[in-house]
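> To start, I am sharing the structure in question, which I have written as structure tokens.
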Amino acid sequence: MSRQLGGQAVIEGVMMRGESWVATAVRREDGDIVTDVRRVWTPPPHLGFLRWPVVRGATSLIYSLILGIQALSFSASQFGGEEEKLTTKELVFTMLTALLFGVGLFILLPTVLMRWLGKTNNAFVLSLGEGFLRLGIFLVYIVSITFIKDVRRIFEYHGAEHKVVHAYEAKGLPLTAADAAPFSTLHPRCGTSFLLYVMVVSILLFAFLGWPTLYLRVLSRLLMMPLVAGLSYEWLRLAGRSNSSLVKLLSGPGLWLQKLTTREPDQAQIEVALVALREVAQREPEVIL
């Protein structure tokens with residue numbers, strides 16, 4: 001039985017994550033591929049509730065953000081002179097700034113705009129409108145960043161990651177770049193799909209929170225995000241495992257969105273993704289759930 005892995009694209013590289021190990025492979029400017037391999041944290045027995053359905057989704061999101069920061073930090077450190085590299089403090093500040101930007105763009109802006117655009121006092125309608133505005137802003141943001149050259153390069157590595165995961169799930173190891181090249185750049189367990197599910201689930205849940213003051217609207221939506229993430233995660237797991245026609249139909253929009261966040265990679269990029277995959281696979285003899 002093939003093991004299931006996941007990952008993300010980083011600067012000139014790919015991070016692959018299994019159940020017990022995570023590896024980041026990056027191609028440096030001199031052509032060499034360097035790796036960073038770490039053990040994955042798992043909840044101890046006395047925190048077993050963190051593995052419960054829905055709860056595990058919120059936990060996984062937080063931990064995935066931490067792993068993502070570590071992988072990006074490693075990849076960024078491979079380029080530029082010492083004076084250009086970010087310190088840990090600078091990296092944390094950068095990520096906090098990005099988080100605040102995300103809250104402002106996807107939480108604060110939609111609710112402010114809907115109050116200004118809304119021509120009704122119906123709380124349910126205002127909340128639904130806010131949700132669709134959030135989804136629209138998200139889609140505009142995704143389309144906008146595709147015009148950035150460096151982002152498109154990362155999207156190519158994103159495509160390489162998906163091809164390699166598809167090939168491994170279909171064939172196992174050993175693999176070559178030629179083996180992985182024919183596979184799709186789209187994958188049902190992709191983080192892009194997860195983000196779209198978050199947007200849709202938030203529309204459904206936030207519609208029942210009413211329309212209190214701006215402060216309470218923003219606070220209530222932030223407090224509900226763990227539940228939103230947990231439910232979205234469960235759907236992502238189901239989409240990645242199920243052969244149901246209905247599940248595939250409902251998962252379609254997530255795959256369509258990946259056409260924006262993935263690009264066709266070249267052989268060299270696929271090779272980098274394969275290095276990261278092998279670093280994880282050779283350390284995990286058991287099936288990864």
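> So which lysines pass the test for LYS171, namely a Cα distance under 16 Å, with those fewer than 8 places away in the same chain ruled out?
Those lysines meeting the cut-off are LYS163.
> Counting Lys +1, Arg +1, Asp -1, Glu -1, what net charge surrounds ALA180 among other residues with beta carbon under 13 Å of its beta carbon?
-3
> For volume of the Cα convex hull per residue in Å³, pick the label among [x] 124; [y] 152; [z] 110 that corresponds to the value derived from the coordinates.
[y]
> Mind ranking 133-143, 28-38 by how tightly packed they are, going by the mean number of other C-beta atoms within 10 angstrom, highest first?
133-143, 28-38
> Given labels modelled 7 Å from the Cα in the Cβ direction, how far is it in nm from ASN243 to ILE33?
Using points 7 Å along Cα→Cβ, the separation is 3.2 nm.
We did not get these values from a lab; they are worked out from the coordinates using the rules stated. Treat the numbers as computed from the prediction; the structure is a model and nothing was measured. Quick reminder, even Gly has a Cβ in these numbers, built from the backbone with ideal geometry, and neighbours come from all protein chains shown.
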